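Participant: Before anything else, here's the structure in question.
The values are calculated or read from the model by the stated rules, or taken from the named source; none is laboratory data. Here the structure is a predicted model, which means the values were calculated and not measured. Heads up, the Cβs are rebuilt from the backbone with ideal geometry, glycines too, and the neighbour counts pull from every protein chain shown.
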Amino acid sequence: MKTSSRTADLVALTKPSITRMCLMMAGGGMALAPGSVDWVTGVSTFVGVGLAVGGANAFNMWWERNTDGLMSRTKRRPLPTGRLPASAAFKFAAALSLASLVVLALGTNVLTAVLAGLAIFSYVAVYTPLKYKTPSALIIGAIPGAAPPLLGWTAITNSIDPPAIVLFAILLVWQLPHFIAIAIYRKAEYARAGIKVVPLVRGDAIAKIQAVAWVLVLVPLTLLLAPVGGAGLFYFVSAALLGAAFLGWSFTGLDNGAGARWARNYFLASLVYLPALTLALVADVFL
């Protein structure tokens with residue numbers, strides 16, 4: 001295998017698009033945290049969080065290498081196609097994960113390194129196997145998925161404070177309607193892979209009701225960031241408008257005619273909503 005091809009396959013194991021999103025959220029946590037950021041801490045945070053997310057994703061791909069071959073959106077990944085041996089993926093995942101803990105411990109603080117370690121462990125050893133047993137794994141998987149803004153905050157403050165907890169809760173709850181949407185329009189693929197998602201186990205109607213319920217929790221959480229001292233008026237107004245739009249779209253899914261096409265558009269809307277909310281938060285800091 002050519003070196004460039006092997007490097008590209010190793011990078012693919014980290015799920016770059018997810019890693020970029022997590023780095024953006026970590027940056028939001030850093031921007032919101034009180035105190036100045038020196039370049040060593042800033043660089044160490046981004047590098048450490050990137051390594052942690054990439055390592056967890058690579059472990060996930062190693063674990064799911066067989067079921068990935070059963071799903072159209074994942075069957076061309078490096079492991080199902082045989083472009084990379086499983087042993088290489090495992091070693092790569094371990095190296096990234098260990099490096100992330102070292103970088104965060106030395107470049108930021110021990111608290112951030114411990115939280116990153118817990119996130120990696122819970123995602124790989126708890127969520128990944130559990131999602132083949134129960135749709136409730138979605139909530140468990142959202143916990144490590146919500147870690148990036150918390151890591152960005154603790155890297156600067158070395159403490160877990162109310163704004164950081166709210167940031168963590170926002171990202172945790174956002175993931176639930178986001179992944180329910182994926183599960184609805186990719187339902188057949190999840191069925192082939194044996195993954196227990198809400199639409200398969202409880203039906204599309206219940207899945208859509210759950211999505212609305214989670215957004216009804218999400219919107220007040222986004223607004224709560226202002227009262228706890230994490231944001232100001234600009235963010236509060238922006239969050240209210242964005243939340244109203246996202247909630248309105250959620251309710252359209254309750255129509256009996258809303259199927260896979262609606263779910264895909266809803267998924268895309270969630271991908272617009274979160275970055276827009278983050279940008280409003282960062283802009284609020286500088287206003």
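Participant: Hey, does the stretch 215-228 have a residue that's over 21 Å from the mean Cα position of the chain (by Cα) and in contact (Cβ under 8 Å) with a residue 24 or more places away in the chain? Step through it out loud before you land on a result.
Facilitator: We begin by selecting, within the stretch 215-228, every residue over 21 Å from the mean Cα position of the chain (by Cα); these are 226-228.
Now narrow it down to the ones that are in contact (Cβ under 8 Å) with a residue 24 or more places away in the chain: 228.
Yes.
Participant: Let me ask something additional. Pull out all pairs, ordered by first then second residue, where Cβ-Cβ is under 7 Å, the residues are six or more apart or on different chains, the first lies in the stretch 145-159 and is hydrophobic (A, V, I, L, M, F, W, C), and the second is modelled with pLDDT under 95 and assigned to a loop (DSSP other than H, G, I, E, B).
Facilitator: Pairs found: W153/A33; I156/A33; I156/G35; I156/V37.
Participant: Output the residues belonging to the stretch 1-31 that are over 19 Å from S97 (Cα atoms) and more than 19 Å from the chain's Cα centre (by Cα).
Facilitator: M1, K2, T3, S4, S5, R6, listed by residue number.
Participant: Pick from L70, L51, L84: which is assigned to a helix (DSSP H, G or I) and at negative phi? Reasoning before the result, please.
Facilitator: On the way: L70 fails: assigned to a helix (DSSP H, G or I); L84 fails: assigned to a helix (DSSP H, G or I).
So the residue among L70, L51, L84 that is assigned to a helix (DSSP H, G or I) and at negative phi is L51.
Participant: Can you tell me which of (1) of a type outside the set (V, I, T); (2) without any contact (Cβ under 8 Å) to a residue 24 or more places away in the chain; (3) not in a helix (DSSP H, G or I) is the one P34 doesn't meet?
Facilitator: Of (1) of a type outside the set (V, I, T); (2) without any contact (Cβ under 8 Å) to a residue 24 or more places away in the chain; (3) not in a helix (DSSP H, G or I), only one is false for P34: (2).
Participant: Hey, any hits in the stretch 89-102 for a residue that's of a type in the set (K, R) and in a helix (DSSP H, G or I)? Spell out the reasoning first.
Facilitator: Step one: of the stretch 89-102, the residues of a type in the set (K, R) are 91.
Filter again for in a helix (DSSP H, G or I), leaving 91.
Yes, the stretch 89-102 contains at least one residue that is of a type in the set (K, R) and in a helix (DSSP H, G or I).
Participant: So L79 passes all but one of these: (1) of a type in the set (A, V, I, L, M, F, W, C); (2) buried (at least 18 other Cβ atoms within 10 Å of the Cβ); (3) not in a loop (DSSP other than H, G, I, E, B). Which condition number does it fail?
Facilitator: (3)
Participant: If the requirement is being in the same structural domain as L277 (by TED's automatic domain parsing) and closer than 20 Å to I165 by Cα, which of these qualifies: A211, A226? Give the steps one after another, and end with the answer.
Facilitator: Working: A211 fails: closer than 20 Å to I165 by Cα.
Within the list A211, A226, the selection yields A226.
Participant: Hey, can you tell me all the residues within the stretch 187-208 that are surrounded by 15 or more Cβ atoms within 10 Å (Cβ to Cβ) and more than 17 Å from T134 (Cα to Cα)?
Facilitator: The answer is K208, and nothing else.
So that you can scan it fast, the table gives a plain yes or no per residue for (1) under 24 Å from P144 (Cα atoms); (2) not aliphatic (A, V, I, L, M); (3) not assigned by TED's automatic domain parsing to the domain that holds M25:
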residue: N57; (1), (2), (3): yes, yes, no
residue: M61; (1), (2), (3): yes, no, no
residue: R65; (1), (2), (3): yes, yes, no
residue: D68; (1), (2), (3): yes, yes, no
residue: L79; (1), (2), (3): yes, no, no
residue: L84; (1), (2), (3): no, no, no
residue: A93; (1), (2), (3): yes, no, no
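Participant: What single numbered condition from (1) buried (at least 16 other Cβ atoms within 10 Å of the Cβ); (2) in contact (Cβ under 8 Å) with a residue 40 or more places away in the chain; (3) of a type outside the set (K, R) fails to hold for I140?
Facilitator: (2)
Participant: Taking the stated definitions as given, is S44 in a helix (DSSP H, G or I), crowded, with 23+ Cβ neighbours inside 10 Å and hydroxyl-bearing (S, T, Y)? Talk me through it step by step, then tell me what you get.
Facilitator: Details: in a helix (DSSP H, G or I): yes; crowded, with 23+ Cβ neighbours inside 10 Å: no; hydroxyl-bearing (S, T, Y): yes.
So S44 fails the test.
Participant: Now a separate question. Filter the stretch 39-98 for residues that are among the aromatic types (F, W, Y), more than 23 Å from P129 (Cβ to Cβ) and at pLDDT 95 or above and give the result.
Facilitator: Across the stretch 39-98, the qualifying residue is only F46.
Participant: Within the stretch 228-250, is there a residue that is within 15 Å of I182 (Cβ to Cβ) and in contact with a helix residue (DSSP H, G or I) (Cβ under 7 Å, 6 or more places away or on another chain)? Before the answer, list the steps.
Facilitator: So the first thing to find is which residues in the stretch 228-250 are within 15 Å of I182 (Cβ to Cβ), and the list is 250.
Add one more test, that the residue is in contact with a helix residue (DSSP H, G or I) (Cβ under 7 Å, 6 or more places away or on another chain), and what stays is 250.
Taking every residue of the stretch 228-250 in turn, at least one turns out to be within 15 Å of I182 (Cβ to Cβ) and in contact with a helix residue (DSSP H, G or I) (Cβ under 7 Å, 6 or more places away or on another chain).
Participant: Something else: I'd like to verify a number: residues in the stretch 153-197 that are of a type in the set (V, I, T), in a helix (DSSP H, G or I) and either more than 18 Å from the chain's Cα centre (by Cα) or not assigned by TED's automatic domain parsing to the domain that holds A258 (or both), how many?
Facilitator: Here is the first cut: in the stretch 153-197, the residues of a type in the set (V, I, T) are 154, 156-157, 160, 165-166, 170, 173, 180, 182, 184, 195, 197.
Then drop every residue that is not in a helix (DSSP H, G or I), which leaves 154, 156-157, 165-166, 170, 173, 180, 182, 184.
Still in the running and either more than 18 Å from the chain's Cα centre (by Cα) or not assigned by TED's automatic domain parsing to the domain that holds A258 (or both): 154, 156-157, 184.
Qualifying residue count for the region: 4.
Participant: Here's another thing I want to ask about it. Among the residues of the stretch 241-263, are any touching a residue at least 12 places away in the same chain (Cβ under 8 Å), part of a helix (DSSP H, G or I), within 30 Å of P80 (Cβ to Cβ) and small (G, A, S)?
Facilitator: Within the stretch 241-263, one or more residues are touching a residue at least 12 places away in the same chain (Cβ under 8 Å), part of a helix (DSSP H, G or I), within 30 Å of P80 (Cβ to Cβ) and small (G, A, S).
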